[in-house]
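Structure, as structure tokens:
The values are calculated or read from the model by the stated rules, or taken from the named source; none is laboratory data. Keep in mind the model is a prediction, meaning the values are calculated, not measured. For neighbour counting, all protein chains shown are included, and Cβ atoms are generated from backbone atoms with ideal geometry for every residue, glycine included. Ligands, DNA and RNA are stripped out before the accessible areas are found, and what is left, the full protein with its side chains, is counted by its heavy atoms. Shrake-Rupley method; radii C 1.70, N 1.55, O 1.52, S 1.80 Å.
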Amino acid sequence: METEQQQREFINTSLSQGTLALEGADTTNLPRLAPAAEPESQWQQTSRQISQILERLPEYLGRFFKDYKQPLTTVALIFAAIFTAKLVLAVLNAINDIPLLSPLFELVGIGYASWFIFRYLLKASTRQELADEIEFLKNQLVGE
């Protein structure tokens, strides 16, 4: 019994140390194998690939913006114009829903159109003055 107990203790200590030796064998010069690496799971592979992509993301985005700067700017301006137009139309719709405000704006518009016609369009001299003013503004905007 006692020898069985000693053998079990020897086996347990050998297993806990990672080696199993035969009795009387010299184990000091034996090479030890590296512990077996666990195969990468699919989750680990996917997370490694995602981290590599995220690591290179600033470089990819920088190169993409550098290559397509002009088209991206054009698309952004188009989206900004669409957004602005929708916003203006929504504000005008909200104003039209306020009672008596819509008819008031119509009266103001009719009054201004009448004044403009009387001031600039009835006489030839005032039409020439308007044409000169338009030409002056056009030259200021274009820069000629």
Looking for whichever is more than 22 Å from the chain's Cα centre (by Cα) and exposed (fewer than 10 other Cβ atoms within 10 Å of the Cβ) here; the options are Pro58, Pro71, Pro99. Which one fits?
Pro99
Looking at the stretch 124-144, I want the residues that are modelled with pLDDT of 90 or more and have a partner that is not in a helix (DSSP H, G or I) with Cβ atoms under 9 Å, at least 6 apart or on another chain. Which pairs are those?
Lys138/Glu144
Restricting attention to the stretch 74-96, report how many residues are open to solvent by 100 Å² or more (accessible area, probe 1.4 Å) and either aliphatic (A, V, I, L, M) or touching a residue at least 40 places away in the same chain (Cβ under 8 Å) (or both).
2
Answer yes or no as to whether Ser114 is within 30 Å of Glu133 (Cβ to Cβ), of a type in the set (Gly, Ala, Ser) and either open to solvent by 90 Å² or more (accessible area, probe 1.4 Å) or modelled with pLDDT of 90 or more (or both).
yes
